[in-house]
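To start, the structure itself, in structure tokens.
The values are calculated or read from the model by the stated rules, or taken from the named source; none is laboratory data. Everything quoted here is computed from the prediction, not taken from an experiment. Cβ placement follows ideal geometry from the backbone for every residue including glycine, while neighbour counts extend to all protein chains displayed.
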Amino acid sequence: MAAVKETVETVGEVEKYKYGFSTEIESEKAPIGLTEDTVRYISAKKNEPEWMLEWRLEAFRRWKNMEEPTWAKVFYPTMDYQNAYYYSAPKQTAGPESLDEVDPKLLETYEKLGIPLEEQKMLAGVAVDAVFDSVSVVTTFKEKLKEAGVIFCPISEAIRDYPDLVKKYLGSVVPVTDNFFATLNSAVFSDGSFVYIPKGVRCPMELSTYFRINEKQTGQFERTLIIAEEGSYVSYLEGCTAPQRDENQLHAAVVELVTMDDAEIKYSTVQNWYPGDENGKGGIYNFVTKRGDCRGKNSKISWTQVETGSAITWKYPSCILRGDNSRGEFYSIAISNTKQQVDSGTKMIHLGKNTSSRIVSKGISAGGSSNTYRGLVSVHKKAENVRNFTQCDSLLIGDKCSAHTVPYIEAKNPTAILEHEATTSKISDEQLFYCMQRGVPEEEAVALIVNGFCRDVLQQLPMEFAVEAQKLVGISLEGSVG
Amino acid sequence: MLEIKNLHVEVGGKEILKGIDLQIGAGEVHAIMGPNGSGKSTLSYVLSGREGYEVTQGSITYKGQDALAMSVDERAAAGIFLAFQYPIEIPGVTTMTFLKTALNAQRKARGEEELDAVKFLKLVREKAKPLNVSDEMLKRPLNVGFSGGEKKRAEILQMSILEPWLAILDETDSGLDIDALKVVSEGVNALRSPERSMLVITHYQRLLDYIVPDKVHVLSRGRIVKTGGKDLALELEKSGYAEYGADEAA
Amino acid sequence: MTDATAQSFIDTFERERASLPGADGWLAARREAAVRELADAGLPHRRLEDWKYTDLRDVLEKAAFTPAPVHQGAVFLSEEDTRNGAALFHAIDRYKIVFVNGRLNRALSDMEDLPEGVVLKPFADVLGEAWTKALIERRFEINWQAQSVSALNMALMADGVALHVEEGVTLDKPVHLIFLAADDGASHMRTLVRLEKQAQATVFETHASAGAAHYFVDLVTEVSLGVGATLNHIKLQDEAEDAVHLATMRAALADEAKLDSFTMIAGGGVSRGQTFVEFEGRAAEAHVNGAYALRGKQHADQFCVVDHAVPECNSHTHFKGVLDDESQGIFQGKVVVRPDAQQTDGRQMTNALLLSRDASINAKPELEIYADDVQCAHGSTIGELDKDALFYLRSRGIDEMTARQLLISAFLDEALDYAPHEEARAELKALVAGWFEAGNLSAEDIL
């Protein structure tokens, strides 16, 4: 007890966010505030077809009559949606055709973030789409992917080049009016990634998008749409960072996944938006709607998330298990420190027969943070032989933080077998002493024990990401715990 | 190697050790015997620097340094190793990962180069074999679900990899059957050297048949009440601790 | 905003206020305040998180209950009634206090020869005493949405029991509170239990019909346990199939006090049982357990909050249930560990078996933890009868019906074992065994 307390105190002061720098780059912004004109401005900037503008305007009209949700266990001052920018793009002539045309400053930024964009430097087998503030700046390995028939491009490009696909799927998983933040996103999203894996194709490399908020007072609203046709497979990685700023910035993304028969999407996120300083000043408000639709038989969607950043995280990557025998997975590590607030979890909606799901959530609260798991497992009447296993573990570090578990389990079919377990624990003095007696310094010992606690989830990440995530676990606890 | 002078230790305001004097030279093996509650485990914890054990008087000098001024991990890096009576479970951290983290942390603290994965693996395999520690066991989370014997063997494996200068074995024989005891003792004996000292804490004489001490001390009610050669242990086995003020005979 | 149903209860209050207990004393003001509260908030509805699965407003709107009349003449238990819960615990030597239509029936009660230091009376008779006032006026630190219905009870409570046991006194026999409904209508009742330091008591509670079909039972039980006091409590709810049963128990525990409460739900149309435990002193212990066996269109919602406000307390909640036909079961539980409540041990478990295609279960076991040195866990399982076990039994020559009954009994017995009184436990087990016969499980029921 005493040892932990001391760690909490000593580390409380350090808190370094190594992605906190900002890039001086000339940008082009929409006028401040949000009106129909803003929506038109964004749509025009993107050279969008009329149908897309209409779609956005419809969303905007709906949004004006919606209220911000209050059910999550997060608290923040009222947001002034009129005092923010909804579009910001690094100024450059037309879209870059190759890396040579990209502003070197941008490339430098990604370099600093540890994301090599230059294709020759890339980790083998990872294609990257980089989104800077509101727009996608570069997508690598496009050609190689095209050979396999895979489309991986900014969604703004997809709207122009593949309108039929976009029309068919956009908003089909997360309806325009799904919730306040998703509707806002539908009106003002500026970019994001689009992925289409044709029938029978196993995507030859990991696809990856890095999101970066750079501009002040700017909201980021990206939209990701991934479609896996029959028998296809793709693994998609997403990383996020933002500069250190005193103000709160809104990030309201929407991610939609669709899997057809026998298809699989593995979606991994390492979210490290700026969390604010140790007094809770600044940081990203991360209000994100992520949902996957297992539309086809035997299809599978697996969400893995490592959430270490953001002042507030409001996020429930979910699976609609519509196709018979489909499977949903949710593996989550959510670390909160200082004054961070996390309200995250998942929904597994079992509609089809023999559908199964697995939820493993590891919440770590430190400092003065609050960390909530909120999840729903729902079995509909016609869903025969559903199986779910849920494990929610919370680890508390220090006595100023809190951990909550709010599961909803709803079964309307007697053939379902649903199991839910949750535990709450702390790092024991014995464990710390044992590690330190073997020569491991306290901070490292805490990181080691926490990594052990998260092991089941870390194992789900692709190799390169797992190593990064493991380090991140240590770093995020550094500032506040040790 | 180790010099303890007039050591008084309180736990939660209650005095447990009431003036211990003990000197262990390089290469020596000392045994501390005593009834339950005599302060044996307290001594092992205070030597390794556990919190909550308050030294009110006296000193501990280790290799010429004031050990009391050093933190737990500093002492470990300086070569003090405690084999726990009840090794702690660390879920999710494999034995292998733990060993590597510990060894490299100590090497780093001593300004030595960290071992890479290949060299480390070779080292572990070499040390694990005589202790009957399988690869499978090394992949399991540390001490989680280990049997009593496995836990003790894992402790000795850690000791042989970390190569301490002063090894404190706290009731290492508890919970072991005779075969396991032999394996563990052989592991310990293999580490005996003219530079390495050991402090063997035990309730029973049995262990000392296998790890033969140079000196035996009897600890009772927080004091060393008798010191002798290895024969003292045999004597205790016969007569019990009654004459040293314990309620129960061993 | 006042809803129509709340308004009808308020109208009842206006009509009856002069005749309600305490009309000329301090309680009158409390009732007034409660009526205002009810008028402001209305009855709880589904949009409130705590009432997500039971829309009380909707349920009461359909039935529009006015107070049940004072029952005239003898009370008869039909054959069916006697086979069910109303007949339980009669073989146990006990003190008995019987309410019919929410009014004390002295003729049926047996409250004589109480040991010294024990008070067992209608609460109206002891309104002048400090302890009753303290219990009625008690406010809990956290005001849950679920508690809002206690305003309804406060406004309209017409009768009820007050049990007081003095320091160090152990009540020699259980006290059996029997609540019978002989005529349709609403009964609003209040039970007050105060055990002083080191006192001990066992209380049984039976709720059943004695002829009534459409009725509404509204009961609030206030429990206060002094240092080291122990209360064992067994509640059996076996209401008629169209009855609405709303019961709230709030218990506050001082140092080392122990509450051991068990609820069996065997009957009732719509029922909502709420338990709130607040630890006020260290090293206290609360067990809130229960079992339910539902069929037909029964709807049973158990809601349980244990608030660990102080260190070193233990709580254990475990509900098991089986659901047949179109029944609906709900378990909502919450363990709260507040910042200073270190060394808390809080456990919560719920298991349900669905026996029919149309039955459903909702579970929401929550943890809300603000302290780090705690051990808290919850678990939930939902499933059907183990097919392998069923097959195994049948392979030994046991017919399917019997095999199912055996497995269901075994499942519920694990919960019934928590009932803190040996004889009562045995009677409850027999009742559960009889549940199958009453249900006429047919071959078509078998999946």
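Looking at this structure, is C:Asn153 assigned to a strand (DSSP E or B), polar (S, T, N, Q) and crowded, with 16+ Cβ neighbours inside 10 Å?
It is false that C:Asn153 is assigned to a strand (DSSP E or B), polar (S, T, N, Q) and crowded, with 16+ Cβ neighbours inside 10 Å.
Is it fair to say C:Leu195 is touching a strand residue (DSSP E or B) at 6+ places or on another chain (Cβ under 7 Å) and more than 28 Å from C:Arg282 (Cβ to Cβ)?
Against the criterion (touching a strand residue (DSSP E or B) at 6+ places or on another chain (Cβ under 7 Å) and more than 28 Å from C:Arg282 (Cβ to Cβ)), C:Leu195 does not qualify.
I'm trying to understand the selection: among the residues of the stretch B:61-95, which are away from chain A (no Cβ under 12 Å) and among the acidic types (Asp, Glu)?
Matches in the stretch B:61-95: B:Asp66 only.
What is the one condition in (1) under 24 Å from the mean Cα position of the chain (by Cα); (2) away from chain B (no Cβ under 14 Å); (3) modelled with pLDDT under 90 that A:Val467 does not satisfy?
(2)
Within the stretch C:371-395, which residues are at pLDDT 85 or above and more than 13 Å from chain A (Cβ to nearest Cβ)?
C:Ala389
Regarding C:Arg94, is this residue within 30 Å of C:Ala29 (Cα to Cα) and out of contact with any helix residue (DSSP H, G or I) (no Cβ under 8 Å at 6 or more places or on another chain)?
The answer is no for C:Arg94.
Can you tell me how many residues within the stretch A:23-61 are under 25 Å from the mean Cα position of the chain (by Cα) and part of a helix (DSSP H, G or I)?
8
Grab the helices (runs of 4 or more DSSP H) fully contained in the stretch C:1-77, keeping just those with 1 or more residues being over 24 Å from C:Ile330 (Cα atoms).
Helices (runs of 4 or more DSSP H) meeting the threshold: C:4-16, C:26-41.
Looking only at the stretch C:48-59, count every residue that is in contact with a strand residue (DSSP E or B) (Cβ under 9 Å, 6 or more places away or on another chain) and within 11 Å of C:Arg272 (Cβ to Cβ) and tell me the total.
Number of matching residues: 6.
Say we look at the stretch A:440-455 and pick out the residues that are in contact (Cβ under 8 Å) with a residue 60 or more places away in the chain and closer than 12 Å to A:Gln470 by Cα; which of these is farthest from the other protein chains (Cβ to nearest Cβ)?
Out of the qualifying residues, it is A:Val450.
Kindly evaluate C:Ala86 against the criterion of being modelled with pLDDT of 90 or more and within 22 Å of the chain's Cα centre (by Cα).
Here the answer is no, as C:Ala86 does not meet what is asked.
Looking only at the stretch A:141-169, count how many residues are in a loop (DSSP other than H, G, I, E, B) and either of a type in the set (Lys, Arg) or buried (at least 23 other Cβ atoms within 10 Å of the Cβ) (or both).
1
Table: residues versus (1) within 11 Å of another protein chain (Cβ to nearest Cβ); (2) in contact with a Cys (Cβ under 8 Å, 6 or more places away or on another chain); (3) in contact (Cβ under 8 Å) with a residue 24 or more places away in the chain; (4) part of a strand (DSSP E or B).
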residue: C:Arg282; (1), (2), (3), (4): no, yes, yes, no
residue: C:Gln302; (1), (2), (3), (4): no, no, yes, yes
residue: C:Gly321; (1), (2), (3), (4): no, no, yes, yes
residue: C:Asp340; (1), (2), (3), (4): yes, no, yes, no
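Is at least one residue of the stretch C:367-383 under 22 Å from C:Ala293 (Cα atoms) and polar (S, T, N, Q)?
Yes - at least one qualifying residue is present in the stretch C:367-383.
Filter the stretch C:254-280 down to the residues that are part of a loop (DSSP other than H, G, I, E, B) and within 15 Å of the chain's Cα centre (by Cα), then identify the one that is farthest from C:Val227 (Cα to Cα).
C:Gly269
Could you identify the single residue in B:Lys238, B:Lys226 that is more than 18 Å from B:Ala102 (Cβ to Cβ), outside any strand (DSSP E or B) and over 16 Å from the mean Cα position of the chain (by Cα)?
Residue meeting the stated conditions: B:Lys238.
In the stretch B:31-58, which residue that is surrounded by fewer than 21 Cβ atoms within 10 Å (Cβ to Cβ) and assigned to a strand (DSSP E or B) is nearest to the chain's Cα centre (by Cα)?
B:Tyr53
Select the strands (runs of 3 or more DSSP E) contained entirely in the stretch C:213-253, then report the ones holding at least 2 residues which are closer than 17 Å to C:Trp131 by Cα, out of contact with any Pro (no Cβ under 7 Å at 6 or more places or on another chain) and at pLDDT 95 or above.
C:215-225, C:244-253
Taking C:Gly346 as meeting all but one of (1) more than 7 Å from chain A (Cβ to nearest Cβ); (2) under 25 Å from C:Ala284 (Cα atoms); (3) over 23 Å from the mean Cα position of the chain (by Cα), write down the number of the exception.
Every condition holds for C:Gly346 apart from (3).
Within the stretch C:401-414, is even one residue within 27 Å of the chain's Cα centre (by Cα), small (Gly, Ala, Ser), surrounded by fewer than 24 Cβ atoms within 10 Å (Cβ to Cβ) and over 27 Å from C:Ile265 (Cβ atoms)?
no
A:Ala187 passes all but one of (1) surrounded by 24 or more Cβ atoms within 10 Å (Cβ to Cβ); (2) assigned to a loop (DSSP other than H, G, I, E, B); which number fails?
(2)
Looking at this structure, is A:Thr424 surrounded by 24 or more Cβ atoms within 10 Å (Cβ to Cβ), facing another protein chain (nearest Cβ under 10 Å), in contact (Cβ under 8 Å) with a residue 60 or more places away in the chain and of a type in the set (Val, Ile, Thr)?
no
Let me spell it out: the conditions are (1) modelled with pLDDT of 90 or more; (2) aromatic (Phe, Trp, Tyr); (3) buried (at least 24 other Cβ atoms within 10 Å of the Cβ), and A:Tyr233 meets all of them except one. Which number is the exception?
(3)
Among the candidates A:Gly375, A:Gly352, which residue alone is more than 10 Å from chain C (Cβ to nearest Cβ), over 19 Å from the mean Cα position of the chain (by Cα) and at pLDDT 95 or above?
On inspection, the qualifying residue turns out to be A:Gly352.
Check off (1) facing chain C (nearest Cβ under 7 Å); (2) hydroxyl-bearing (Ser, Thr, Tyr); (3) outside any strand (DSSP E or B); (4) touching a Phe, Trp or Tyr at 6+ places or on another chain (Cβ under 9 Å) for A:Thr415 and give me the number that stays unchecked.
It fails just one condition, (4).
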